[in-house]
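The numbers here are math on the coordinates, done by the rules we state, and not lab data. Everything numeric here is computed off the predicted structure, so don't read it as measured data. Don't worry about glycine lacking a Cβ; one is built from the backbone with ideal geometry, like all the others, and counts go over all protein chains shown.
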Amino acid sequence: MTATPTTKGSVYVETYGCQMNVSDSELMLGRLAADGYVEAPTPEEADVILLNTCAIRDHAEQRVLGRLGELKGVMKSSAVVGVTGCMAQRLGPTLLERARHVSLVIGPDGYRALPALLEKARTGERAIETSFDLEEHYEDFTPRRFDKVKAWIPVQRGCDYRCTYCIVPTTRGPERSRRLADVVREVEGVAAEGMSEVVLLGQTVNSYYDGEAGFADLLRAVGRVDGIRRVRFTSPHPNDFSDDVVRAMAEVDTVCEHVHLPMQSGSSRVLKRMLRRYTREGYLDCVQRLRDSIPGLCLTTDIIVGFPGESEDDFAETMSAVESVGFDDAFTFKFSPREGTPATRMPASETVPDEVATDRLDRLIALVRAKARNRNLGLLGQRREVLVERAARRGELLQSRTRDFKTVLIPGPESMIGRYLTVELTGTTGSTFTGAPVNERLPLPVA
């Protein structure tokens, strides 16, 4: 009779930030599961609590600090609390000083040491692991995936760009890419598990290069994997959309018709100060090349307002770029200074007053929403293929997604999750659609 392995305890992981952090949380859970830990449904029940953090903006770090305070009041007295990820990498020992109940601080390259550090922490020893490992891709880890419909697949870590506002090179180190064969092996594994959509992840994912193969080669190789119906990637850099990459996107049927293409500003003057390494004209040219090659392409973006020295004329150029491109959606932010980045060393006289930045953000959001709403109203009545992803927060509906990344809420039982359906777009809130499955005997949703 086989003995039941001893359980070392339960672990709860709470994730903040980008999809790369979600993937890292899956890796940590998988590593701890292999070491004998089980997943806890809530922090109150956990023997180990890990907050996997983001450092991209000050607001993200303040949320984590607030959450650490909340946990102190509900956690078990014997529980071990750790902070992992980019905020851990950035703040290091400062976190141990600011939160005395935190025992572990581990950066993105330190997860291999997690089980050993946890054992020490459970005996009262506090530890920090924030060294960079330029060879670390966690190839021998088996992720414990949160999503059973699509899989996050890291293909690259770190970043070699040095945008003046960005902390990522400091928190994730230099760029390095996984071997193409290792990525394909992981994709084959998730396809064997029944998942048909993969999202390739990297800080500047389309600059992928493993020493032999580039991003176009990767798209073609992943797109050929049996069982994979949709390939997505995030986030690319406008400078790295070579003709070969654009051609691969157009030719590989499984590559979806959506690109999240960070613009950050529509002013060449501001882009130069951000060290984005492209101009307004270069960005618009990239948009045109993508749209010329990929009919029906959906474009989303990131935009920062209030960068030091941004004038009203600069902001007007951002607004006109948004008008020109017609983004389907945008993540919009006020500039957040990050200690250690060059932008914090710009003259204080160039600081944009908060009330000015807030006004610009409000105007930008209004424009993005108006353009997206008009665009989406024109899609009503069309039929689209969707993949049902999960139960929606609203009513008895399910959340599904089109190939071009539109969210469509449809009626139906949770047994439909993971299925592909054809739906008719019946209504829109301006950003999200409602839809009726075609040839499915289900009630129509309320628009």
At q = 0.21 Å⁻¹, the log10 of I(q)/I(0) for the stretch 383-437 from a Debye sum over equal Cα scatterers comes to -0.63
Using a basic spin-label model with each label point 7 Å from the Cα along Cα→Cβ, how many nm lie between Glu355 and Asp160?
4.6 nm
Could you tell me the distance between the Cα centroids of the stretch 62-135 and the stretch 364-417, to the nearest Å?
38 Å
Suppose R0 equals 22 Å; then what is the FRET efficiency for Ala348 and Asp302 from their Cβ-Cβ distance, rounded to the nearest 0.05?
0.30
Between Tyr161 and residues 5 or more places away or on another chain, the pairs with built amide H atoms under 5 Å apart involve none
Magnitude of the charge dipole, the chain, Cβ model with Lys/Arg +1 and Asp/Glu -1, debye to 20
620 debye
Paramagnetic label zone (point 7 Å from Cα along Cα-to-C-beta, Ser77; backbone N under 17 Å) in the stretch 6-45:
44-45
By Cβ neighbour count within 10 Å, fewest first, Thr130, Thr402 rank Thr130, Thr402
If you rank Phe405, Phe335 by fewest surrounding Cβ atoms within 10 Å, what's the result?
Phe405, Phe335
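From the cross-link list Lys150/Lys406; Lys8/Lys72; Lys72/Lys148, which pairs have alpha carbons spaced over 27 Å apart?
On the way: Lys150/Lys406 16 Å; Lys8/Lys72 22 Å; Lys72/Lys148 32 Å.
Beyond 27 Å between Cα atoms: Lys72/Lys148.
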Between Leu397 and residues 5 or more places away or on another chain, the pairs with built amide H atoms under 5 Å apart involve Ala392
Treating the Cα atoms of the chain as identical point scatterers in vacuum, please give the log10 of the normalised Debye intensity I(q)/I(0) at q = 0.08 Å⁻¹, two decimals.
-0.50
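How much of the DSSP bridge set in the chain is antiparallel, in percent, rounded to the nearest 5?
Working: 23 of 67 bridges.
So the antiparallel bridges in the chain amount to around 35 percent.
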For the stretch 161-173, in order, what is each residue's ³J(HN,Hα) by Karplus, 6.51 cos²θ - 1.76 cosθ + 1.60 with θ = phi - 60°, in whole Hz (x at glycine and Pro)?
6, 10, 4, 5, 9, 9, 8, 4, x, 6, 8, 10, x
Calculate the FRET efficiency for Leu377 and Glu136 from the Cβ-Cβ distance with a Förster distance of 60 Å, rounded to the nearest 0.05.
0.80
Residues with amide H under 5 Å of Phe233's amide H, sequence separation 5 or more or different chain, H placed in the peptide plane at 1.01 Å from N; which?
Leu200
Which distance in nm do the two modelled labels at Glu188 and Thr170 give, with both placed 7 Å along the Cα-to-Cβ direction?
4.2 nm
